[in-house]
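The values are calculated or read from the model by the stated rules, or taken from the named source; none is laboratory data. Just so it is clear, the model here is predicted, and its values are computed rather than measured. No Cβ is skipped: glycine too gets one built from the backbone with ideal geometry, and neighbour counts run over all protein chains shown. Just the protein is used for accessible areas: all its heavy atoms, side chains included, with ligands, DNA and RNA removed. Shrake-Rupley method; radii C 1.70, N 1.55, O 1.52, S 1.80 Å.
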Amino acid sequence: MTTQQPSTETTMMSKLSLDPKNVLYIAIILLGIGCSYLLYRNWQLKAQFAHERESMRVTARNNQLSANQQQLTFSMKTFVWAVRNALLQNKPGEINEYFNTLVQNKGVQEMLLVDPSGKVTISTNKKNQGISFASRFPAYLLQKDDIYFNDKAVYELSAPVTAPNKRLGTLVMFYKPMPVLPVTNP
């Protein structure tokens with residue numbers, strides 16, 4: 001009788017694939033690849049989230065700036081008319097009341113009325129009344145022929161107060177906007 005002996009190749013292949021040591025190594029390698037992928041994907045998502053968050057912050061700041069500029073410019077325009085009428089009627093007390101009422105609003109830091117020679121005639125900060133405007137504030141604010149808006153940390157606004165044939169003075173406002181988003185430290 002002839003008996004066939006199993007070939008050694010099939011035994012070796014089945015021995016390699018079923019060896020618990022090899023199964024463990026394959027499982028560790030697959031877990032390592034899976035963990036590496038998850039870590040990489042987490043890093044990618046964090047970077048994407050940070051970029052989108054910063055983009056939203058920039059958009060919110062730009063929208064706030066645009067809205068503030070539009071509202072403050074319009075307010076200055078109408079306020080100039082009221083001040084102009086009080087100046088033409090020679091009622092400085094009325095202008096002072098306007099200023100004191102306006103400065104009670106959140107954000108308005110100071111209001112000034114500067115005469116054509118550059119002297120502060122009325123101010124919400126009484127220390128500034130009677131001084132030369134250029135000695136304490138930026139002189140370029142007095143040289144504008146239309147409503148001027150500068151978006152520094154404290155907004156600077158100026159508007160000429162004009163009569164039909166001459167300049168009666170310049171209205172200047174310093175306004176600190178309320179932040180839309182909380183300040184964060186990166």
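Some observations on this one:
- Residue 170 touching a Gly at 6+ places or on another chain (Cβ under 8 Å) and either assigned to a strand (DSSP E or B) or of a type in the set (Phe, Trp, Tyr) (or both): no
- Within region 151-186, tally of residues that are at pLDDT below 90, within 19 Å of residue 78 (Cα to Cα) and open to solvent by less than 60 Å² (accessible area, probe 1.4 Å): 1
- For residue 159, the conditions (1) out of contact with any helix residue (DSSP H, G or I) (no Cβ under 8 Å at 6 or more places or on another chain); (2) in contact (Cβ under 8 Å) with a residue 40 or more places away in the chain; (3) not charged (D, E, K, R) are fulfilled apart from (1).
- Among the numbered conditions (1) surrounded by fewer than 17 Cβ atoms within 10 Å (Cβ to Cβ); (2) in contact with a helix residue (DSSP H, G or I) (Cβ under 7 Å, 6 or more places away or on another chain), the only one that residue 133 does not meet is (1).
- Figure legend. Inter-residue proximity from region 99-114: first residues in contact (Cβ under 8 Å) with a residue 12 or more places away in the chain, second residues charged (D, E, K, R) and not in a strand (DSSP E or B), beta-carbon distance below 8 Å, spacing 6+ or different chains. Indicated pairs: 107/176; 109/176.
- Tally, over region 116-130, of residues that are assigned to a loop (DSSP other than H, G, I, E, B), open to solvent by 40 Å² or more (accessible area, probe 1.4 Å) and farther than 24 Å from residue 177 by Cβ: 4
- Residue check, residue 46 at pLDDT 90 or above and loosely packed, with under 11 Cβ neighbours inside 10 Å: yes
- Residue in region 2-16 that is in a helix (DSSP H, G or I), open to solvent by less than 70 Å² (accessible area, probe 1.4 Å) and either at pLDDT 90 or above or not small (Gly, Ala, Ser) (or both) present: no
- Condition check for residue 73: surrounded by 10 or more Cβ atoms within 10 Å (Cβ to Cβ), at pLDDT 90 or above, among the hydroxyl-bearing types (Ser, Thr, Tyr) and touching a Phe, Trp or Tyr at 6+ places or on another chain (Cβ under 8 Å): yes
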